[in-house]
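Computed from the coordinates by the stated procedures, all read-outs in this text should not be read as laboratory data. Note that the structure is predicted; figures quoted are calculated from it, not measured. Backbone-built Cβ (ideal geometry, glycine too); neighbour counts: all protein chains shown.
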């Protein structure tokens, strides 16, 4: 017998959707491909926290991981309500 578990899409999928981009930057750290807010980060982290591998990980740590992924893709994280502010 086997077990099949569905998980949420990768963080990169959510970040690209929130930033409105098709792919990450070619040179992360040197160019900004898009922008997301801390609210986006929080919402993505809440979704990822539901995965079985993240059940015992604090939400704050998941948020930090999502922020690190965003930076690695060349997506800037801004504190404002809108990505334009």
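If I fit a long axis through the Cα atoms of helix 59-73 and take the longest principal axis of the Cα atoms of the chain, what angle between them do I get, 0 to 90°, rounded to 10?
Long axis of 59-73 versus the principal axis of the chain: about 50 degrees.
Would you order 15, 59 from fewest to most other beta-carbon atoms within 10 Å of each residue's own beta-carbon?
On the way: 15 25, 59 13.
With the fewest neighbours first, 15, 59 line up as 59, 15.
Under a crude label model (7 Å from the Cα following the beta-carbon direction), how far is residue 51 from residue 78 in nanometres?
2.8
Just to be sure I understand, if you calculate percent of Cα pairs over 18 Å apart for this structure, which of [x] 36; [y] 68; [z] 43 do you get?
So the structure-derived entry is [z].
For the chain, modelled as a GNM with alpha-carbon contacts under 10 angstrom, which of 12, 52, 69 fluctuates the most?
In this elastic network of the chain, the residue with the biggest mean-square fluctuation among 12, 52, 69 is 52.
Per-residue ellipticity at 222 nm for the chain, helices alone: DSSP H runs ≥ 4 residues times -39500 (n - 2.57), over residue total, nearest 500 deg cm²/dmol?
Values: 3 runs with 36 residues, N = 85.
Calculated from helices alone, the mean residue ellipticity at 222 nm is -13000 deg cm²/dmol.
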